[in-house]
């Protein structure tokens, strides 16, 4: 299973759905997860005292079971959108000792549709994933209002992700 995890309901959700369609053409199981639909509360120690939200547990388990994933997010203030940072925080608290299995030794790619440059969010997602133990493929996907998705590039990135994920 390859997951396409997006942090918006707009163009990045469209990009996630398009990438998942490309992935389906290449074979295997593919699923889009929109973090907006998870409705996770803002993570803080006080909030955690109320218990781990069921959606965080579900998201963590899906990542643990996935062969690989693509994070897809718009650039917010030169970095990762708060909703994605929040989801990663909940994942790191929801799996007990096994939470690292959601990221460690996984294969991933990063993508964005950004009204701005988009380079900073791609670098920030890559840095965070690598810190968590994920291998991020070298090629990334960047679209914006003047640059649409190159289907050949999308196939190349997803094909490479599938190839590496199936080796692990």
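Going by how many other beta carbons lie within 10 Å of each one, how would you line up 83, 70, fewest first?
83, 70
For region 1-121, just say rounded, prolate or oblate: build the C-alpha gyration tensor, square-root its eigenvalues into a ≥ b ≥ c, call rounded for a/c under 1.5, and beyond that prolate if a/b exceeds b/c, oblate if not. Before the final figure, lay out each step's value.
Numbers: a/c = 1.93, a/b = 1.24, b/c = 1.56.
Verdict is oblate for region 1-121.
Under 8 Å for C-alpha pairs, at least 6 residues apart: give me the relative contact order for the chain, rounded to a whole percent. All intermediate terms of the calculation are to be shown ahead of the outcome.
Values: 298 pairs, mean separation 40.6, N = 168.
Dividing the mean separation by the residue count of the chain yields 24 percent.
Could you tell me which of rounded, prolate or oblate describes region 54-168, using a ≥ b ≥ c as the square roots of the eigenvalues of the alpha-carbon gyration tensor, with rounded for a/c under 1.5 and, failing that, prolate when a/b is larger than b/c and oblate otherwise?
Working: a/c = 2.22, a/b = 1.31, b/c = 1.69.
Oblate shape, in that a/c is at least 1.5 and b/c is the bigger or equal ratio.
For region 41-100, rounded, prolate or oblate, judged on the Cα gyration tensor with a ≥ b ≥ c (square roots of eigenvalues), a/c < 1.5 rounded, else prolate if a/b > b/c?
Numbers: a/c = 2.41, a/b = 1.14, b/c = 2.10.
It comes out oblate by the Cα gyration axes.
Under a GNM of the chain (C-alpha, springs under 10 Å), which listed residue has the highest mean-square fluctuation: 63, 129, 149?
149
The numbers here are math on the coordinates, done by the rules we state, and not lab data. Keep in mind that what you see is a predicted model, and the values were worked out from it rather than measured. Cβ atoms come from the backbone with ideal geometry, glycine included; neighbour counts cover every protein chain shown.
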